[in-house]
Amino acid sequence: MVKKLNTIALLLLVLTFFACKQEAVSDQVVKEKHRPQYHFTPDSMWMNDPNGMFYYEGTYHLFYQYFPGSIVWGPMHWGHAVSKDLVTWEHKEIALYPDSLGYIFSGSAVVDVNNTSGLAKNGETPIVAIFTHHNMAKEKEGAIDFQYQSIAYSLDGGETFTKYAGNPVIKNPGIRDFRDPKVFWHESSKKWVMIFAAQNKVMLYNSPNLTEWALISEFGSNIGAHGGVWECPDLFEIKVEGTDTKKWVMLVSINPGAPNGGSGTQYFVGDFDGTSFVMDEDFTNQINQDSSIWIDYGRDNYAGVTWSNVPETDGRRLFMGWMGNWDYAQQVPTKRWRSAMTLARSLHLEKIGADYLLVSKPVDELSKYQTQKGNISSVKLDKPVTVFENLQNAYVELSGSTKAEVEFKFTNELNDEVILTLSKENMTLTRKEGLGIEKFSDKFAGTQVAPRKSKSEAFDLKIYIDQSSIEIFADGGKTVMTSLYFFDKSISKLTVSGSGGQIDKGTWGVMR
Ligand code: FRU
């Protein structure tokens, strides 16, 4: 009997130990310095691009470039997480591991509703992931055909994946950078279409069944920004706001060559007939003037693409990017993990005069995590106005007007600052190295500039601050900046000034 009691006591002790240990680990993760509180991060180790996002039966799936062996980039896997609301994410097992064909680079996933692939034998709905195999051994041998497109399928709603036996499904024709397939179903041609990046352009293929692919067209070798390699394209149809007209938007990430240095995502507006993407005439004029047009002028929104299979009843084009920049992503001062994703956003196409504008808005689901703490009504900015203080992980919404320039100073207890300015023409964001944070990159500090499309004295702002990031949606999402910052204490105070300017109204609070 005593022996039995002893065994039970020992068992309880062991269980308590593990329970405490579990708690200690998650506690440590939550409180870790710089750890975002409402952005997606891997629990530990290295993450880059979002991959394979799709919606299926009430769940949003997010996969991501992941190296479980280190906090710097390495042999790529696909990590996996799921969410019901695009804000709270549950971590899942790694979905795809490197294999004899190579590392698992970026790509997409689709729900093969009609089993066109024939991969389901018992009435299941296949989820097909399309990705690039990057063959490191071949690259090291000096070959150039070391990237090719492959697929994997899931017959259990995206829980587990099996690599297709006939991989690769698209062989490399001798192009060094040949990667990041995004696939969608094109209804009028009744075909799957794949777009991927091929060095300085995108290539488009189509297929009846996701396994047999034929080249249909190419786009971009002389158009848009070319300061670096093209990566992670996307192509989707979207309504022009307030009209019945539909246009096609192509996203193309590029690194380096972004407007504020390093990595960034440009876009093109046009038409797609199932074979070729042709730029819209008005957009051609725009790009002839500006040479490149960007979804986000901040330095930390890269490789973003949109969710597949979002139901038509929802109708949103949902987007998420990697909150990082290859200029310094592998040096940022986090310890247990590296990188976060941007907030999920919905994309909208607006036409302002003759110009198209791709607008990003934070998803409405975020509002249920917001607790309001204060508000402000009409105040002149001749003297600095403190909007809030002692508030971490804040959101703030402000509308008002700028004369010459309004300055928004975001500070912490140590007086580290991130400064946003708004004039009629431009929005700028200046970040510095945090006091007490060891300098980690020469490329981090500096001023980022975005043109303001509205060119108006009136402004409105929606801003989300987390432990190491700030996301600014100005003028209803027409001008967007996403930026990291690394301070010993996170931002907790906002002061606004700018003679001649004023705040008309504002509200703020905390996230979560
Ligand atoms: C973009 C990218 C992709 C590639 C992946 C590798 O950040 O370079 O082109 O597939 O990262 O991790």
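The values are calculated or read from the model by the stated rules, or taken from the named source; none is laboratory data. Note that this is a predicted model, so its numbers are computed, not measured. Reconstructed Cβ throughout: ideal geometry from the backbone, glycine too, with neighbour counts over all protein chains shown. Accessible surface areas use protein heavy atoms only, side chains included; no ligands, DNA or RNA. Shrake-Rupley method; radii C 1.70, N 1.55, O 1.52, S 1.80 Å.
Taken along the Cα-to-beta-carbon direction at a fixed 7 Å, the label points for residue 281 and residue 160 span 5.7 nm. Under the combined filter of DSSP loop state and at most 16 neighbouring Cβ atoms within 10 Å, region 157-259 retains these GluC sites (Glu not before Pro): 159, 187, 212, 241. Give me the distance between the Cα centres of region 168-182 and region 186-249, rounded to whole Å. Going from one Cα centre to the other spans 15 Å. For the residues 176, 338, 512, a 1.4 Å probe over the protein chains yields an accessible-area ranking, largest first, of 512, 176, 338. For region 406-455, chymotrypsin sites (Phe, Trp or Tyr not before Pro) meeting the loop criterion (DSSP other than H, G, I, E, B) and having at most 16 other Cβ atoms within 10 Å: 440.
All C-alpha to C-alpha distances of the chain, sorted into 10 Å bins beginning at zero, yield P(r) values of 4, 19, 29, 25, 15, 6, 2, 1, 0 percent in whole numbers.
The alpha carbons of region 25-125 give a radius of gyration and a Dmax of 15.5, 49 Å, in that order. The distance from the alpha carbon centre of region 260-299 to that of region 52-113 is 27 Å, rounded to a whole number. Rolling a 1.4 angstrom probe over the chain with all protein chains present gives an accessible area of which 50% lies on carbon and sulfur atoms. Looking at region 32-362 alone, DSSP beta bridges between its own residues are antiparallel in about 95 percent of cases. For region 225-295, rounded, prolate or oblate, judged on the Cα gyration tensor with a ≥ b ≥ c (square roots of eigenvalues), a/c < 1.5 rounded, else prolate if a/b > b/c? Since a/c reaches 1.5 and a/b is larger than b/c, the shape of region 225-295 is classed as prolate. Look at the alpha carbon pairs under 8 Å that are at least 6 residues apart: their mean separation over the length of the chain gives a relative contact order of 13 percent.
Per residue of the chain, the DSSP helices (runs of n ≥ 4 H) give a summed -39500 (n - 2.57) that works out to -3000 deg cm²/dmol at 222 nm. Qualifying chymotrypsin sites (Phe, Trp or Tyr not before Pro) in region 302-346, where qualification requires a DSSP coil assignment and no more than 13 other C-beta atoms within 10 Å, are lacking entirely. Computed over the alpha-carbon pairs of region 369-511, the distance histogram in 5 Å steps reads 2, 10, 21, 24, 22, 14, 6, 2, 0 percent, short to long. Solvent-accessible surface of the chain, taken per residue with a 1.4 Å probe and all protein chains present: 41 Å².
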